[in-house]
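Chemist: One structure is given below, represented as C-alpha cells, and several questions about it will come after.
Since every read-out is calculated from the coordinates, none of them should be taken as a lab result. Computed from a predicted structure; not experimentally measured. Neighbour counts are summed over all protein chains in view; Cβ atoms, including those assigned to glycine, are modelled from backbone coordinates with ideal geometry.
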Amino acid sequence: MSMKSLLQWGLAIVCGLLLASSDVHAQMAFQPRPANGLALTPPMGWNSWNKFGCNISEATLRAQADALVSTGMRDAGYVYLVVDDCWHGARDAHGDIQPDPVRFPSGIKALADYVHGKGLKFGIYSDAGAGTCQDKPGSRGHEFQDAAQYARWGADYLKYDWCNAEDLNARSSYATMSDAIRATGRPMVLSICEWGLHQPAKWGAAVGGNLWRTTFDIWDHWSGRGNKGLWLGVTDIIDLQPGLESAAGPGHWNDPDMLEVGNGGMSDTEYRSHFALWAMLAAPLIAGNDLTQMSRETLAILTAPEIIAIDQDKLGVQGRRVVKSDGQEVWIRPLSDGATAVLFLNRAETAVKMDQDLVLLGFPANGEWKVRDAWRRKNMPRVKSKLSVQVPAHGTQVFVLKSI
Ligand code: GLA
C-alpha cells in the first residue's frame, strides 16, 4: 500500500471513530428524567403576577390565601398559591437566597406554613439566569442551593423563568433545576416558563417539567399584541396552540399562560371564552385576579364546575381546533367517559348562528347524541347529525356530547 493510501485509510478511520463517538456522546448526553408523579391533571391555583406584579407582600398573599378558601375556589380545585417575581431579597453570607425583608418580614417559611394551614399548597418563583425578569437574584449557579432553600421553606411548586438566560441551553438549564428539586426529596411541580422559545413541548416532559409555557406573556386583552409584540391577547395565544397537542398528557401540560379572568380588560363574555378555551386546551388554570374583590360573575366563571371538569378530565387529551372559517371555530376534546366536549367560538363582532354537521367533526354517521350545555349545566334536546347554536360576539358555547 502506498504512503498516500495509508494516509487516506488512517484519516478515514480517525474520522469514523470521531463520528461514532460523537453519536454515542449525543445519545449519552441527555438522559430523560423520571416523571415526578405530580400534576396528573392540569395544575389549578392562583399566582400573584397578572394582578399585582411586583406590588406584593406577605399581607397581600395571606389575603389571597384566605379568599381562595372563603370564595370556594380551593374547593373548586384551585389549590396552589404561587408567589411570582419580586419576593426576593439578597443572598446571605452563605449564598442562601432570602426574601425581601420589608415585603416579607415574617419570612417565606411562615407564609408557606400559613398557606398550608389553609389546606393549600405553596409555590415560588425563580429564573434560570443570574437575574429574574425584574432583576431580582436568579438561580444561575445556585440551582441546588436554591431548591434546597425552597424545600426547607415548604414549597410545593416552582415556576422557573427564562430572563437573562440567552447564552444558556434551555433543556439543560431546566434539567439542572429538575435534578436540584429531585435532590431535595420534596415533591414540587416544575413549571417551565421559557415562553416557547426553544420548543419546550419537545423536551419539557423529558426534563421532568409538569407544564411549560408555549408563548410570551398574556395580557388582559381579547386580541392584539402589546409591549413590542411580546404580550399576547387571548385569540393571539390560541392561534399558537394547534400542533402542540401531542405533547400534553397526565403529568405534563402545554401552558398557554395564566388566566386574566376578572382583571377588567375584557368583557365577561370574553372571559368566559378565555376560560373555556383554556379548558379545551387542558391548560393549567392559574387565576390571576384579586380574589378579595371579584364580582359574582368572575367567581361564577372561575368555578364553573362543568367547564373545570373538561379541563381536569383524567384522560388528559388536549383539545384540537377542527373548524376555522370566517371568525368561527369549533374545537373538540375527547373525554375519559367516552363523551366529547365541543366548543363553538365566534370571533366576529356580531352574534352568529353556527350549524355544524357532526360527521364533519369526526363523529360517526347515523349516531344519536345526548347534549349537555356545560356553561348552563342543562341537558339540551338530543341531536342526530347536526348541532345548531347561537354564539354571541367574542363568545363561546360549550357542549358535551355523549352517544346514546
Ligand atoms: C415573565 C413571565 C411572567 C412573569 C414575569 C415576572 O415575563 O413570563 O409570567 O413571571 O416574568 O417578572
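Chemist: Calculate the radius of gyration of the Cα atoms of the chain to one decimal place, then report Dmax, the largest Cα-Cα distance, as a whole number, both in Å.
Modeler: 23.9, 90
Chemist: Please state the relative contact order of the chain as a whole percent: Cα pairs under 8 Å, 6+ residues apart? All intermediate terms of the calculation are to be shown ahead of the outcome.
Modeler: Working: 838 pairs, mean separation 51.8, N = 404.
That works out to 13 percent.
Chemist: Counting C-alpha atoms alone, how compact is region 292-360: give Rg to one decimal and Dmax as a whole number, in angstrom.
Modeler: In order Rg, Dmax, the Cα atoms of region 292-360 give 14.7, 46 Å.
Chemist: Within 10 Å, at most 15 other Cβ atoms, and a DSSP state outside H, G, I, E, B define an exposed site. Report the longest part of the chain free of exposed GluC sites (Glu not before Pro).
Modeler: Values: sites that count: Glu166, Glu349, Glu368.
Counting at most 15 other Cβ atoms within 10 Å as exposed, the longest clean stretch of the chain is 167-348.
Chemist: Hey, another quick one. Given the C-alpha centroids of region 135-208 and region 236-254, what is the distance between them in whole angstrom?
Modeler: When both Cα centres are located, 20 Å separates them.
Chemist: Going highest first, how would you order 246-253, 374-381, 98-105 by mean Cβ packing within 10 Å? Walk me through the intermediate numbers first.
Modeler: Working: 246-253: 19.4, 374-381: 13.1, 98-105: 15.8.
Answer by packing, highest mean first, reads 246-253, 98-105, 374-381.
Chemist: Net charge near Leu361: determine it from the other residues with C-beta under 13 Å of the C-beta of Leu361, scoring Lys and Arg +1 and Asp and Glu -1.
Modeler: Working: positive: Arg320, Arg321, Lys324, Arg333, Lys386; negative: Glu329, Asp355, Asp357.
With Lys, Arg at +1 and Asp, Glu at -1, the net is +2.
Chemist: Here is a further query. List the pair-distance distribution P(r) of region 320-403, using every Cα-Cα distance, as the percent of pairs falling in each 10 Å bin from 0 up to the bin containing the longest distance, rounded to whole percents.
Modeler: Using 10 Å bins, I get a P(r) of 18, 56, 25, 2 for region 320-403.
Chemist: Continuing with this model, one more query. State which entries of Lys159/Lys202; Lys202/Lys402; Lys159/Lys314; Lys121/Lys370 exceed 26 angstrom in Cα-Cα distance in the structure shown.
Modeler: Working: Lys159/Lys202 19 Å; Lys202/Lys402 33 Å; Lys159/Lys314 23 Å; Lys121/Lys370 38 Å.
Check vs 26 Å cut-off fails for Lys202/Lys402; Lys121/Lys370.
Chemist: Let me ask something else. Considering the dipole of the chain built from charges on the beta carbon (Lys and Arg +1, Asp and Glu -1) around the Cα centre, which of Thr350, Ala128, Leu197 is farthest to its positive end?
Modeler: Among Thr350, Ala128, Leu197, the one farthest towards the positive end of the dipole of the chain is Thr350.
Chemist: Suppose a student asked you for the relative contact order of region 107-247, using Cα pairs under 8 Å spaced at least 6 residues apart; what percent would you report?
Modeler: Values: 241 pairs, mean separation 23.8, N = 141.
Reported as a whole number, the value is 17 percent.
Chemist: Using helices alone, I'd like the mean residue ellipticity at 222 nm for the chain: each DSSP H run of four-plus residues gives -39500 (n - 2.57), total over residue count, nearest 500. Present the calculation step by step, with values, prior to reporting the outcome.
Modeler: Working: 11 runs with 116 residues, N = 404.
The helix contribution divided over the chain gives -8500 deg cm²/dmol.
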